[in-house]
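The values are calculated or read from the model by the stated rules, or taken from the named source; none is laboratory data. Keep in mind that this is a model prediction, so the values were computed, not measured. Glycine also receives a Cβ, built like all others from the backbone with ideal geometry; neighbour counts cover every protein chain displayed.
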Amino acid sequence: MALNIEVELTKAPKQKPDVSRVGFGTVFTDHMFMLDYEEGRGWHSPRVVPYQSISMDPAAKVFHYGQTVFEGLKAYRTADGRILVFRPDQNFKRLNHSNERMSIPHLDVELALEGLKKLVQTDRDWVPETEGTSLYIRPFIIATEPVLGVAASKRYIFMIIMSPVGAYYAEGIRPVKIHVESEFVRAVPGGTGSAKTAGNYAASLKAQEEAALEGYSQVLWLDGVHKKYVEEVGSMNVFFKVNGKVITPALNGSILKGITRDSMIQLLQSWGVPVEERPVSIEELYEAHRAGTLEEAFGTGTAAVISPVGELNWRGEKLIINGGETGELSAKLYETLTGIQSGKLEDKLGWMVQV
Ligand SMILES: *Cc1c(COP(=O)(O)O)cnc(C)c1O
């Protein structure tokens, strides 16, 4: 496809921050990517423009009915100065899965990838170079038709914005304490749990706030029907090492299909570690802990890559995992995946895309 992505460069480049001091997602690069959709015309006018505010009609559907989807991925600078993006095709495939659920028109994956590359190239000086740092990339779509009727919008904007981020573990990996959530649920079968759509996150804030008051950094979500099976941890997928085997909840329609999750499974399989994708009940984990076979637990996602779980609090009982320390397998997975992403380790599985 011959793509003509117009680039309008900023006349006022910003000062680049010291990434070790910026909070996650607080500083944005000089440019952004935009693409418009209108019914009858399809997606059109791909362009890179200076980062700026956008103006919208207050009746735009996204404000009222939350018809919107997003993605999150990262670009890394290698020691020899190349810029690599981790599995971006997977993000745009998943964006289309989310689009399908939210009645948003499909986006051409190739066009989205071209837009992403053009934007990263334009702002390549914004990809930080210190160990552990990266450029976080946030693609998203919003419904912009200014009509209050509850129906799918006839107009959308697709945008990509980018933000330099510091090392997630500036002081080394530290396990987190997790509250097993027994009141609120994140998703139900037939709902929107497998889509990366705003409402899921708005609905998760209450549980997150209440857990934080008790000193827990995230919640472990149980299934929305029985509150029996483990689904995710915060906005990460979750894994358990029990008796030498790795277990992760099967993708059942209410779990987000994490790209880090998929990558971890592939790495484990390549090492000959048995991985089971199946329903995992909280009772099973409780019993394994009692028997001394719950060896490790960790969340996976783009932001942290791995977040080891040192404690699970279930109905006031504290299950301490691996003495509250990062497990060996968690550490190895972390070192391997971040090594591939930063270009230090060979990319045997062909995950990195050079920009
Ligand atoms: C984004 C997300 C994940 C992790 O997906 P990655 O592709 O690994 O970043 C897991 N769960 C939820 C709810 C998410 O939104």
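Annotation: of all residues in region 264-287 being surrounded by 20 or more Cβ atoms within 10 Å (Cβ to Cβ) and more than 16 Å from the ligand (Cβ to nearest atom), the one that is nearest to residue 225 (Cα to Cα) is 282. Applying the criterion of being part of a loop (DSSP other than H, G, I, E, B) and surrounded by fewer than 21 Cβ atoms within 10 Å (Cβ to Cβ) to the residues of region 303-329, the residue that is farthest from the ligand (Cβ to nearest atom) is 316. Within region 189-219, being in a loop (DSSP other than H, G, I, E, B), within 19 Å of residue 258 (Cβ to Cβ) and touching a Gly at 6+ places or on another chain (Cβ under 9 Å) holds for 189, 191, 192, 193, 194, 196, 197, 204, 217.
Considering only region 211-228, I want to know if a residue exists there that is without any contact (Cβ under 8 Å) to a residue 12 or more places away in the chain, out of contact with any strand residue (DSSP E or B) (no Cβ under 6 Å at 6 or more places or on another chain), within 18 Å of residue 174 (Cβ to Cβ) and not charged (D, E, K, R). Yes, that holds for at least one residue. Would you mind telling me which numbered condition in (1) surrounded by 15 or more Cβ atoms within 10 Å (Cβ to Cβ); (2) within 21 Å of the chain's Cα centre (by Cα); (3) within 15 Å of the ligand (Cβ to nearest atom) residue 158 fails? Checking residue 158 against (1) surrounded by 15 or more Cβ atoms within 10 Å (Cβ to Cβ); (2) within 21 Å of the chain's Cα centre (by Cα); (3) within 15 Å of the ligand (Cβ to nearest atom), the one that fails is (3). Between 123, 89, 57, the distinction of being touching a Pro at 6+ places or on another chain (Cβ under 7 Å), of a type in the set (Asp, Glu) and touching a residue at least 60 places away in the same chain (Cβ under 8 Å) belongs to 57 only.
When each of 28, 24 is tested for being surrounded by fewer than 20 Cβ atoms within 10 Å (Cβ to Cβ), within 22 Å of residue 302 (Cβ to Cβ) and within 16 Å of the ligand (Cβ to nearest atom), the lone residue that passes is 24.
Just to be sure before I move on: is residue 225 modelled with pLDDT of 95 or more, away from the ligand (no atom under 12 Å from the Cβ) and not in a helix (DSSP H, G or I) in the structure I sent? Taking the combined requirement at face value, the residue satisfies it.
Residues in region 86-136 that are at positive phi and either assigned to a helix (DSSP H, G or I) or crowded, with 18+ Cβ neighbours inside 10 Å (or both): 1 in all. Annotation: of all residues in region 232-263 being among the β-branched types (Val, Ile, Thr) and free of Cβ contacts under 8 Å to residues at least 40 places away in the same chain, the one that is farthest from the ligand (Cβ to nearest atom) is 247. Residue 274 meets the conditions (1) touching a residue at least 40 places away in the same chain (Cβ under 8 Å); (2) touching a Lys or Arg at 6+ places or on another chain (Cβ under 6 Å) in every case but one. The failed one is (1).
Of the residues examined, residue 135 is not one that is without any contact (Cβ under 8 Å) to a residue 24 or more places away in the chain and closer than 30 Å to residue 51 by Cβ.
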